[in-house]
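S.K.: Structure below; questions to follow.
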Amino acid sequence: MSENTDFQPGKLNIAPARYTSEWIRFDFTNPKDFMRTIPAYVAIGDATITGKTWAKILAAVVEHEINAKNPALAVLYKRPLSSSNNGKPFFLKNKIKKLNCARLSNNYWINVNRDIPALMKIILSFCLYCGYSEEQIVIYGIKKDKSREAINGNAIAVDKGNTQNSLDEAIRLRAEDVVLQSELKGISVTDLARTLSSSEWNVAKIVRASTKIVSIGDRLIHEDSFSEWEEGARQMDDILTKLMAKNAGYVSCSQLYEYARAEMDLFLHENDMADQRKIFDIAEHLFDKKGYQGKHYTFCNKTHISQNQEKIASKLDIMKKYAHDHQGFFRQEDLGNYLQGLGIQTASLRQQMKVYDEPIFLLYEPGVFITKDSMGIDEEWLQKTSGAFRKLFDDSGDHVVFRDIDSYWYTLLPELPNGKEWTLLLLQSVLMHYGGDIDAKVIRASVNQRLDTLGAMVASISSEIQTFADAVISVILDDGIDERRFESEELRQLLVKRGLIAGSELIWNMPKVLPNDEHFVWDAEGKYVALRI
């Protein structure tokens, strides 16, 4: 048997009873060492391969690549894996008589009638042929006559039925010891993989399985390396419990940082953890990986923590949750105060809410929003709304001044949640996002008009009314106004009276929204306008 270079108790100062020389690592040069062995642990890439014999391991490795649809296999239906196979293809259409062959899911056979060293060589050659690097090929064997192995003083079965689990446990324990010896400075995944003679992928899997190894940034630190770890864990639990209750099930990284700095100052400074990312990583270890005190939270993007498996991955998700917790109806000011309490910036809040881009939050009245989800907007909802607008246009032509819509007409629209009544601003918000589905559009005085400002008209998509100027001409003609020359303010007041605009809207801006064209001719100072209709 060759010397086991992977498990070196002397090097790590680990009791010999924990790791014995019976485990053999396949280093690609020692196939003869595997005579009279059985598989202990085999991992190829990101897959763990199981089998009671090396012949079954070979078949399982090949089966894995068949299931993965590896294109490299196509050639092996016509030629051997290597030139030493007497010219026969690797995949055999028919079983070779009197030889041990394994049948695969592709209905072909492979020859596994080899001694163990030959099988080890074939496994290696096949894996390399399929594109795996040597680092991705991790193979351990154990002598057949060794049925039990002592780990940490306790006998754990490593016979045919339990070799993989016992070796996983042994490697995990060894990894934890290596990390513990690195003390508070920690160790990287790369260095740990090098120490364990394993791949980084396998080490990452071991780290995920260990509740003793804490991932802090790019370092791995053992819980026992921290000063007063249990006290720190208890304090973190208290903080998160308090914040979850305060914020209805959500905590931001910045809020956690501020509270931890105030309430865990001694622990953080003794362990050099007074950093927002490090604090988040400790919390993630305790309440995602470990489930401290039976509690599990959902952590996302090193920024968001939520409970009940409710994944929050962005500021928008936080806003959606806030809206949901308020039955889909809330004031923008209250949302802003909530976000500021979480340590989240609220500049350009409506842009962050995607109010202008997506129908998530619809303006109900100035400063108040209702959610699409609470309104139940779906295909049936849109069809009913479209039908209401068809009736509106049938009764009034293909356009109507927004403020002229009769209150009875709103009864034709879908009902709003909790008995709320329709508002003109909500109707405008719906048309802003769903106008194409409803076959109606809003005619606004200016493309830069605030969302809280009501548009002038609503018109069918096919209407000749396309601009605010069209709407003004339409009103003058529909109302039978004969005058064709106006002072700027006189015309503005007429539009206010007629309901196209309100209050001081467009004051000093009439020449901008009704620029010189074939219908509107302004004097040089913009004080008078002549209409040509």
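S.K.: How many angstrom lie between the Cα centre of segment 344-380 and the Cα centre of segment 458-533?
M.R.: With segment 344-380 and segment 458-533 each reduced to a Cα centre, they are spaced 32 Å.
S.K.: Under the √(5λ) rule applied to the eigenvalues of the Cα gyration tensor, what semi-axes describe the equivalent ellipsoid of segment 381-473? Give them in Å, descending.
M.R.: Those come to 20, 15, 12 Å.
S.K.: In segment 296-366, with Lys and Arg counted as +1 and Asp and Glu as -1 at Cβ, which of these residues, Tyr297, Leu342, Leu362, has the Cα nearest the positive end of the dipole, that is, farthest along it?
M.R.: Tyr297
S.K.: If you don't mind, there's one more thing I want to ask. By how many degrees, 0 to 90 and rounded to 10, does the Cα axis of helix 424-438 deviate from the longest principal axis of the chain?
M.R.: 60
S.K.: A follow-up question, please. Report the convex hull volume per residue for segment 314-466, counting only C-alpha atoms, in Å³.
M.R.: Per-residue hull volume (Cα only) is 107 Å³.
S.K.: Quick one: what does P(r) look like for the chain with 10 Å bins over all Cα pairs, in whole %?
M.R.: Going from the shortest bin to the longest, the percentages are 3, 14, 15, 13, 12, 12, 12, 9, 6, 3, 1, 0.
S.K.: So what are segment 9-146's ellipsoid semi-axes, whole angstrom, largest first, if each one is the square root of 5 times an eigenvalue of the alpha-carbon gyration tensor?
M.R.: Those come to 30, 16, 13 Å.
S.K.: Then there is this: How much mean residue ellipticity at 222 nm does the chain get from its helices, if each DSSP H run of length 4 or more adds -39500 (n - 2.57) and you divide by all residues, to the nearest 500 deg cm²/dmol? List each step's numbers first, then the result.
M.R.: On the way: 19 runs with 201 residues, N = 533.
Rounded to the nearest 500, it is -11500 deg cm²/dmol.
S.K.: Kirkwood Rh over Cα pairs of segment 482-531 into Stokes-Einstein at 10 °C, 1.306 mPa s: D in µm²/s? Numbers along the way, then the final one.
M.R.: On the way: Rh = 11.0 Å.
In µm²/s, the coefficient is 145.
Coordinate-derived values only; no laboratory data. Computed from a predicted structure; not experimentally measured. So basically every Cβ, Gly included, is an ideal-geometry build from the backbone, and we count neighbours across all protein chains shown.
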